[in-house]
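A quick write-up on the structure given underneath.
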Amino acid sequence: MKVVTYHYIRNFKKNLKYFRFLEFKNFKKQLNFFKSKKKFITQKEFIDIIENRIKPPKNSILLTFDDGILDHYKFVFKELKRRKIFGIFFVSTAPIEKNIFLNVHKIHLLIGKITGNILLNQLNNLIKPSMIDNKKKSLFKNRTYSSQNDFYSVKTFKQTLNYFMVNKYKTKVLDALLKKNKINTKVKNFYLSLKQLKEMKNNGMMIGSHTYSHEVLSKLSYNNQKKEISRSVRLIKNKLGKSQFTTFCYPYGEKYTYNQHTLNILKKLKVKASFIVHSKKIDCKKLLSKKLEIPRFDCNEFPFGSIKKIKYK
(Lines give C-alpha, C1' and ligand atoms only; values in the text may rest on other atoms or scores of the structure.)
Protein backbone atom coordinates (compact mmCIF):
# COMPACT_ATOMS: atom_id res chain seq x y z
CA MET A 1 0.00 0.00 0.00
CA LYS A 2 1.14 3.52 -0.77
CA VAL A 3 -0.09 6.58 1.11
CA VAL A 4 0.08 9.98 -0.65
CA THR A 5 -0.03 13.41 0.98
CA TYR A 6 -1.24 16.72 -0.46
CA HIS A 7 -1.36 20.31 0.77
CA TYR A 8 -2.49 23.20 -1.45
CA ILE A 9 -4.63 22.30 -4.46
CA ARG A 10 -6.02 25.32 -6.25
CA ASN A 11 -5.97 27.54 -9.30
CA PHE A 12 -3.43 30.33 -9.86
CA LYS A 13 -4.00 33.65 -8.04
CA LYS A 14 -2.34 36.79 -9.38
CA ASN A 15 -1.74 38.25 -5.93
CA LEU A 16 0.27 35.15 -4.93
CA LYS A 17 2.45 34.69 -7.98
CA TYR A 18 5.23 32.84 -6.09
CA PHE A 19 2.89 30.52 -4.19
CA ARG A 20 3.65 26.78 -4.32
CA PHE A 21 0.63 24.61 -5.04
CA LEU A 22 -0.68 21.76 -7.16
CA GLU A 23 -2.93 23.01 -9.93
CA PHE A 24 -6.43 21.56 -9.74
CA LYS A 25 -6.34 20.35 -13.35
CA ASN A 26 -3.19 18.35 -12.54
CA PHE A 27 -4.76 16.92 -9.40
CA LYS A 28 -7.57 15.54 -11.57
CA LYS A 29 -5.03 14.13 -14.02
CA GLN A 30 -3.20 12.46 -11.15
CA LEU A 31 -6.41 10.87 -9.91
CA ASN A 32 -6.95 9.50 -13.42
CA PHE A 33 -3.40 8.11 -13.37
CA PHE A 34 -3.93 6.43 -10.01
CA LYS A 35 -7.22 4.95 -11.18
CA SER A 36 -5.46 3.33 -14.15
CA LYS A 37 -2.68 1.82 -11.99
CA LYS A 38 -3.95 1.50 -8.42
CA LYS A 39 -6.93 0.60 -6.28
CA PHE A 40 -8.18 3.38 -4.03
CA ILE A 41 -8.56 2.25 -0.41
CA THR A 42 -12.08 2.59 1.00
CA GLN A 43 -12.73 3.82 4.54
CA LYS A 44 -13.85 0.34 5.60
CA GLU A 45 -10.71 -1.22 4.14
CA PHE A 46 -8.51 1.31 5.93
CA ILE A 47 -10.16 0.65 9.30
CA ASP A 48 -9.97 -3.12 8.71
CA ILE A 49 -6.25 -2.84 7.90
CA ILE A 50 -5.53 -0.95 11.13
CA GLU A 51 -7.91 -2.66 13.54
CA ASN A 52 -8.48 -6.14 12.14
CA ARG A 53 -5.10 -6.83 10.51
CA ILE A 54 -6.64 -7.26 7.08
CA LYS A 55 -4.02 -7.27 4.32
CA PRO A 56 -4.23 -4.19 2.04
CA PRO A 57 -5.42 -4.89 -1.50
CA LYS A 58 -2.66 -5.28 -4.09
CA ASN A 59 -1.47 -1.98 -5.67
CA SER A 60 -3.65 -0.03 -3.25
CA ILE A 61 -3.36 3.69 -2.54
CA LEU A 62 -4.66 5.99 0.20
CA LEU A 63 -5.01 9.75 -0.24
CA THR A 64 -4.40 12.18 2.66
CA PHE A 65 -4.67 15.99 2.84
CA ASP A 66 -2.97 18.20 5.45
CA ASP A 67 -3.71 21.50 7.19
CA GLY A 68 -7.52 21.86 6.99
CA ILE A 69 -7.44 24.53 4.30
CA LEU A 70 -10.43 25.71 2.28
CA ASP A 71 -8.87 24.33 -0.93
CA HIS A 72 -9.80 20.90 0.36
CA TYR A 73 -13.51 21.71 0.32
CA LYS A 74 -13.66 23.86 -2.81
CA PHE A 75 -11.64 21.52 -5.00
CA VAL A 76 -10.65 18.23 -3.36
CA PHE A 77 -13.75 17.06 -1.49
CA LYS A 78 -16.14 17.75 -4.34
CA GLU A 79 -13.89 15.91 -6.79
CA LEU A 80 -13.42 12.92 -4.48
CA LYS A 81 -17.15 12.78 -3.78
CA ARG A 82 -17.91 12.81 -7.50
CA ARG A 83 -15.47 9.96 -8.09
CA LYS A 84 -16.45 8.07 -4.90
CA ILE A 85 -12.88 8.14 -3.55
CA PHE A 86 -12.12 8.07 0.18
CA GLY A 87 -9.66 10.55 1.71
CA ILE A 88 -8.35 11.49 5.16
CA PHE A 89 -8.18 15.21 5.98
CA PHE A 90 -5.90 16.32 8.81
CA VAL A 91 -6.99 19.53 10.52
CA SER A 92 -5.24 21.93 12.88
CA THR A 93 -8.09 23.11 15.07
CA ALA A 94 -7.06 26.58 16.34
CA PRO A 95 -8.77 28.29 13.36
CA ILE A 96 -12.03 26.49 14.24
CA GLU A 97 -11.86 26.81 18.00
CA LYS A 98 -10.39 30.31 18.40
CA ASN A 99 -10.53 31.88 14.91
CA ILE A 100 -6.71 31.93 14.83
CA PHE A 101 -4.77 32.20 11.57
CA LEU A 102 -1.84 29.82 11.93
CA ASN A 103 1.75 31.07 11.77
CA VAL A 104 2.77 28.34 9.33
CA HIS A 105 0.28 29.69 6.78
CA LYS A 106 1.26 33.30 7.38
CA ILE A 107 4.73 32.22 6.23
CA HIS A 108 3.28 30.58 3.11
CA LEU A 109 1.36 33.73 2.20
CA LEU A 110 4.44 35.89 2.67
CA ILE A 111 6.69 33.77 0.48
CA GLY A 112 3.85 33.45 -2.00
CA LYS A 113 3.70 37.20 -2.51
CA ILE A 114 7.19 38.58 -1.78
CA THR A 115 10.61 37.46 -3.05
CA GLY A 116 12.83 35.65 -0.56
CA ASN A 117 15.64 38.23 -0.48
CA ILE A 118 13.24 41.01 0.43
CA LEU A 119 11.55 38.91 3.11
CA LEU A 120 14.82 37.82 4.67
CA ASN A 121 16.03 41.43 4.85
CA GLN A 122 12.76 42.49 6.46
CA LEU A 123 12.99 39.65 8.97
CA ASN A 124 16.59 40.43 9.89
CA ASN A 125 15.58 44.02 10.59
CA LEU A 126 12.91 42.85 13.02
CA ILE A 127 14.62 40.17 15.05
CA LYS A 128 17.12 40.44 17.89
CA PRO A 129 19.67 37.79 18.94
CA SER A 130 17.61 37.01 22.05
CA MET A 131 14.74 35.86 19.81
CA ILE A 132 16.79 32.98 18.41
CA ASP A 133 17.29 29.70 20.27
CA ASN A 134 20.85 28.79 19.31
CA LYS A 135 20.48 25.22 20.53
CA LYS A 136 17.50 24.73 18.23
CA LYS A 137 19.38 26.42 15.40
CA SER A 138 22.28 24.02 15.82
CA LEU A 139 19.91 21.04 16.01
CA PHE A 140 17.71 21.85 13.02
CA LYS A 141 19.81 23.89 10.57
CA ASN A 142 21.18 21.00 8.52
CA ARG A 143 18.11 18.80 8.82
CA THR A 144 15.24 21.01 7.72
CA TYR A 145 14.01 21.55 4.14
CA SER A 146 16.93 19.52 2.76
CA SER A 147 14.68 17.86 0.16
CA GLN A 148 12.92 21.04 -0.98
CA ASN A 149 14.11 22.98 -4.01
CA ASP A 150 13.97 26.43 -2.41
CA PHE A 151 16.11 29.52 -2.88
CA TYR A 152 18.58 30.02 -0.02
CA SER A 153 16.71 33.12 1.16
CA VAL A 154 13.34 31.31 1.25
CA LYS A 155 14.83 28.31 3.07
CA THR A 156 16.53 30.55 5.65
CA PHE A 157 13.35 32.57 6.14
CA LYS A 158 11.32 29.41 6.84
CA GLN A 159 13.99 27.83 9.03
CA THR A 160 14.35 30.95 11.17
CA LEU A 161 10.63 31.28 11.84
CA ASN A 162 9.62 27.63 12.10
CA TYR A 163 12.65 26.15 13.87
CA PHE A 164 15.13 28.71 15.24
CA MET A 165 12.94 31.44 16.71
CA VAL A 166 11.66 31.23 20.29
CA ASN A 167 7.94 30.54 19.92
CA LYS A 168 6.72 33.47 22.00
CA TYR A 169 8.15 35.98 19.49
CA LYS A 170 6.95 34.33 16.29
CA THR A 171 3.39 35.67 16.05
CA LYS A 172 4.39 39.27 16.71
CA VAL A 173 7.17 39.16 14.09
CA LEU A 174 4.96 37.52 11.47
CA ASP A 175 2.12 39.97 12.05
CA ALA A 176 4.56 42.85 11.54
CA LEU A 177 5.69 41.31 8.23
CA LEU A 178 2.10 40.79 7.10
CA LYS A 179 1.25 44.41 7.89
CA LYS A 180 4.33 45.72 6.11
CA ASN A 181 3.51 43.72 2.97
CA LYS A 182 -0.23 44.45 3.08
CA ILE A 183 -1.37 40.85 3.37
CA ASN A 184 -4.78 40.21 4.92
CA THR A 185 -5.44 37.01 6.83
CA LYS A 186 -9.09 36.03 7.25
CA VAL A 187 -9.73 32.63 8.76
CA LYS A 188 -13.03 32.08 6.94
CA ASN A 189 -11.35 32.68 3.56
CA PHE A 190 -8.53 30.21 4.19
CA TYR A 191 -9.64 27.33 6.43
CA LEU A 192 -12.33 24.68 6.50
CA SER A 193 -15.30 25.52 8.71
CA LEU A 194 -16.88 23.11 11.14
CA LYS A 195 -19.96 22.97 8.91
CA GLN A 196 -17.84 21.96 5.93
CA LEU A 197 -15.98 19.33 7.97
CA LYS A 198 -19.30 17.83 9.07
CA GLU A 199 -20.46 17.67 5.47
CA MET A 200 -17.21 16.00 4.41
CA LYS A 201 -17.43 13.44 7.22
CA ASN A 202 -21.08 12.72 6.46
CA ASN A 203 -20.10 12.02 2.86
CA GLY A 204 -17.54 9.35 3.67
CA MET A 205 -14.36 11.31 4.41
CA MET A 206 -12.31 10.89 7.59
CA ILE A 207 -11.20 13.90 9.66
CA GLY A 208 -7.96 13.54 11.62
CA SER A 209 -5.97 15.69 14.02
CA HIS A 210 -3.02 17.85 12.92
CA THR A 211 -2.55 19.36 16.42
CA TYR A 212 -4.07 22.59 17.66
CA SER A 213 -1.70 25.18 16.18
CA HIS A 214 0.76 23.29 13.91
CA GLU A 215 3.89 23.83 15.98
CA VAL A 216 7.02 21.68 15.71
CA LEU A 217 6.26 19.15 18.44
CA SER A 218 9.87 18.22 19.18
CA LYS A 219 10.50 21.84 20.23
CA LEU A 220 7.85 21.58 22.95
CA SER A 221 7.83 20.11 26.44
CA TYR A 222 5.83 16.97 27.16
CA ASN A 223 2.99 18.99 28.72
CA ASN A 224 2.80 21.46 25.84
CA GLN A 225 2.82 18.62 23.32
CA LYS A 226 0.00 16.98 25.24
CA LYS A 227 -2.03 20.20 25.11
CA GLU A 228 -1.41 20.63 21.38
CA ILE A 229 -2.53 17.11 20.54
CA SER A 230 -5.28 16.44 23.08
CA ARG A 231 -7.01 19.77 22.45
CA SER A 232 -7.26 19.00 18.75
CA VAL A 233 -8.35 15.37 19.20
CA ARG A 234 -10.97 16.42 21.76
CA LEU A 235 -12.52 19.07 19.49
CA ILE A 236 -12.76 16.68 16.54
CA LYS A 237 -14.41 14.00 18.69
CA ASN A 238 -16.79 16.42 20.40
CA LYS A 239 -17.87 18.20 17.23
CA LEU A 240 -17.75 15.37 14.70
CA GLY A 241 -18.82 12.41 16.84
CA LYS A 242 -17.13 10.31 19.50
CA SER A 243 -17.32 7.28 17.22
CA GLN A 244 -14.80 9.07 14.98
CA PHE A 245 -11.86 6.75 14.16
CA THR A 246 -8.95 8.73 15.66
CA THR A 247 -6.11 9.51 13.25
CA PHE A 248 -3.26 12.00 13.41
CA CYS A 249 -0.43 13.39 11.32
CA TYR A 250 2.63 15.24 12.57
CA PRO A 251 3.11 18.92 11.66
CA TYR A 252 5.99 19.17 9.17
CA GLY A 253 5.99 15.37 9.10
CA GLU A 254 9.68 14.51 9.36
CA LYS A 255 11.03 12.23 12.10
CA TYR A 256 12.97 15.07 13.75
CA THR A 257 9.74 17.05 14.25
CA TYR A 258 8.43 14.69 16.95
CA ASN A 259 9.91 12.47 19.65
CA GLN A 260 9.13 9.67 22.08
CA HIS A 261 6.99 12.05 24.16
CA THR A 262 4.78 12.51 21.11
CA LEU A 263 4.38 8.79 20.56
CA ASN A 264 3.56 8.21 24.23
CA ILE A 265 0.88 10.91 24.14
CA LEU A 266 -0.70 9.43 21.00
CA LYS A 267 -0.81 6.00 22.65
CA LYS A 268 -2.47 7.43 25.77
CA LEU A 269 -5.07 9.18 23.61
CA LYS A 270 -5.74 5.87 21.82
CA VAL A 271 -4.92 7.27 18.40
CA LYS A 272 -5.37 4.44 15.90
CA ALA A 273 -3.02 5.59 13.13
CA SER A 274 -0.52 8.43 12.64
CA PHE A 275 1.30 9.54 9.51
CA ILE A 276 4.75 10.94 8.74
CA VAL A 277 6.34 12.11 5.48
CA HIS A 278 8.70 9.43 4.22
CA SER A 279 8.74 8.04 0.69
CA LYS A 280 8.23 4.38 1.37
CA LYS A 281 5.74 1.71 0.40
CA ILE A 282 4.63 -0.27 3.44
CA ASP A 283 3.54 -3.89 3.73
CA CYS A 284 0.94 -5.17 6.16
CA LYS A 285 3.38 -6.49 8.77
CA LYS A 286 5.36 -3.25 9.00
CA LEU A 287 2.20 -1.18 8.91
CA LEU A 288 0.76 -2.96 11.94
CA SER A 289 4.01 -2.63 13.89
CA LYS A 290 4.38 1.07 13.02
CA LYS A 291 0.80 2.32 13.12
CA LEU A 292 1.92 5.60 14.70
CA GLU A 293 4.57 6.24 12.03
CA ILE A 294 2.95 5.32 8.73
CA PRO A 295 5.03 6.68 5.82
CA ARG A 296 3.59 8.85 3.06
CA PHE A 297 4.82 9.84 -0.38
CA ASP A 298 4.52 13.44 -1.49
CA CYS A 299 2.16 13.94 -4.42
CA ASN A 300 4.99 15.38 -6.54
CA GLU A 301 6.66 11.97 -6.66
CA PHE A 302 3.99 10.76 -9.11
CA PRO A 303 3.00 11.86 -12.64
CA PHE A 304 1.06 15.17 -12.79
CA GLY A 305 1.90 15.90 -9.15
CA SER A 306 4.59 18.54 -9.63
CA ILE A 307 4.06 21.53 -7.38
CA LYS A 308 4.13 24.92 -9.10
CA LYS A 309 7.67 26.18 -8.43
CA ILE A 310 8.64 29.64 -7.23
CA LYS A 311 10.02 31.63 -10.17
CA TYR A 312 11.47 35.06 -9.57
CA LYS A 313 11.87 37.46 -12.49
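The values are calculated or read from the model by the stated rules, or taken from the named source; none is laboratory data. Bear in mind the structure is a predicted one, so any value in this text is a computation, not a measurement. Every residue, glycine among them, receives a Cβ derived from its backbone with ideal geometry; neighbour counts consider all protein chains shown. Side chains included, ligands, DNA and RNA excluded: accessible areas come from the protein's heavy atoms. Shrake-Rupley method; radii C 1.70, N 1.55, O 1.52, S 1.80 Å.
Place +1 on the Cβ of every Lys and Arg and -1 on the Cβ of every Asp and Glu in segment 42-197, take the dipole about the Cα centre, and give the residue among Leu109, Ser92, Asn184 whose Cα lies farthest towards its positive end.
Asn184
Using 0.36 nm times the number of residues separating Lys128 and Asn184, minus their current alpha carbon distance, what extension gain do you get? Walk me through the intermediate numbers first.
Numbers: separation 56, 0.36 × 56 = 20.16 nm, distance 2.54 nm.
Result: 17.6 nm gained on full extension.
What ³J(HN,Hα) values, in whole Hz, does the Karplus curve 6.51 cos²θ - 1.76 cosθ + 1.60 give for segment 106-119 when θ = phi - 60°, with x put for Gly and Pro?
Calculated HN-Hα couplings, in order: 4, 4, 4, 5, 5, 6, x, 10, 10, 5, x, 4, 5, 4 Hz.
What share of all Cα pairs of segment 223-267, in percent, falls into each consecutive 10 Å distance bin?
Bin by bin from 0 Å, the calculated values are 24, 55, 21, 1.
Can you give the FRET efficiency to the nearest 0.05 for Val166 and Ser289, using r as the Cβ-Cβ distance and R₀ = 51 Å? Don't skip to the end; give the middle numbers.
Working: r = 37 Å, r/R0 = 0.73.
The calculated FRET efficiency here is 0.85.
Set the Förster distance to 41 Å, then compute FRET efficiency between Ile118 and Ser279 from the Cβ-Cβ distance, nearest 0.05. Before the final figure, lay out the partial values.
Details: r = 33 Å, r/R0 = 0.80.
Taking R0 as 41 Å, the efficiency between Ile118 and Ser279 is 0.80.
Can you give the charge dipole size of segment 145-248 about its Cα centre, rounded to the nearest 20 debye, using +1 on the beta carbon of Lys and Arg and -1 on the beta carbon of Asp and Glu? Please list the in-between numbers first.
Values: 21 positive and 5 negative charges, 93 e Å.
The calculated dipole for segment 145-248 is roughly 440 debye.
Give me the net charge of Ser209's neighbourhood, meaning all other residues with Cβ under 13 Å from the Cβ of Ser209; Lys, Arg count +1, Asp, Glu -1.
Values: positive: Lys226, Lys227, Arg231, Arg234, Lys237, Lys239, Lys270, Lys272; negative: Asp66, Asp67, Glu97, Glu228.
Computed value for this residue: +4.
With an 8 Å cut-off on Cα pairs and a minimum separation of 6 or more residues, tell me the relative contact order of segment 1-132 in percent.
That works out to 30 percent.
What distance in nm lies between label points placed 7 Å from Cα along the C-beta direction at Lys242 and Glu97?
1.8 nm
Can you tell me which of Phe77, Phe89, Phe151 moves the most in a GNM of the chain? Springs connect C-alpha atoms under 10 Å apart.
Top of the fluctuation ranking is Phe151.
HN-Hα J couplings of segment 196-209 from phi, Karplus 6.51/-1.76/1.60, θ = phi - 60°, integer Hz, Gly and Pro as x?
Karplus values, whole Hz, x for Gly and Pro: 5, 4, 4, 4, 5, 4, 5, 10, x, 8, 10, 10, x, 7.
Antiparallel versus total DSSP beta bridges in the chain: what percent is that, nearest 5?
Working: 2 of 26 bridges.
Around 10 percent antiparallel, to the nearest 5.
In sequence order, what are the phi-derived ³J(HN,Hα) couplings for segment 50-67 according to the Karplus relation 6.51 cos²θ - 1.76 cosθ + 1.60 with θ = phi - 60°, rounded to whole Hz, with x for glycine and proline?
6, 8, 10, 6, 7, 5, x, x, 4, 6, 8, 9, 10, 9, 10, 9, 9, 4
Cα-based Rg (one decimal) and Dmax (whole number) for the chain, in Å?
In Å, with Rg to one decimal and Dmax whole: 19.0, 56.
With the chain treated as a Gaussian network of Cα nodes joined by springs under 10 Å, which of Phe86, Phe46, Phe297 yields the largest mean-square fluctuation?
Phe46
Within segment 207-262, count lysine pairs with alpha carbon atoms under 23 angstrom apart where the residues are 8 or more positions apart or belong to different chains.
10
Using unit Cβ charges (K, R positive; D, E negative) and no other charged atoms, how large, in debye to the nearest 20, is the dipole of segment 120-200 about its Cα centre?
220 debye
Which FRET efficiency value, to the nearest 0.05, is calculated for Lys44 and Tyr152 with the Förster distance at 45 angstrom and r the Cβ-Cβ distance? Could the numbers behind the result be given before it?
On the way: r = 47 Å, r/R0 = 1.05.
The computed FRET efficiency comes out at 0.45.
222 nm [θ] for the chain, helices only, -39500 (n - 2.57) per DSSP H run of 4+, per residue, to 500? Let's see the in-between values first.
On the way: 13 runs with 128 residues, N = 313.
Helices in the chain give a 222 nm mean residue ellipticity of -12000 deg cm²/dmol.
Using the Cα centre of the chain as origin and beta-carbon charges of +1 (Lys, Arg) and -1 (Asp, Glu), tell me which of Tyr152, Gln43, Ile54 is placed farthest towards the positive end of the dipole.
Farthest towards the positive end: Gln43.
How many nm separate the modelled label positions at Ala176 and Asn52, each set 7 Å beyond the Cα in the direction of the Cβ?
Taking the simple label geometry, Ala176 and Asn52 are separated by 5.7 nm.
What does the accessible area per residue of segment 224-279 come to in Å², with a 1.4 Å probe and no ligands, DNA or RNA counted? Please list the in-between numbers first.
Values: 2600 Å² over 56 residues.
About 46 Å² of surface per residue is accessible.
Using unit Cβ charges (K, R positive; D, E negative) and no other charged atoms, how large, in debye to the nearest 20, is the dipole of the chain about its Cα centre? Display every interim value, and only then the final one.
Details: 69 positive and 20 negative charges, 92 e Å.
Value, rounded to 20: 440 debye.
Looking at the chain as a GNM with Cα springs under 10 Å, which of Gln43, Gln159, Gln260 has the largest mean-square fluctuation?
Top of the fluctuation ranking is Gln260.
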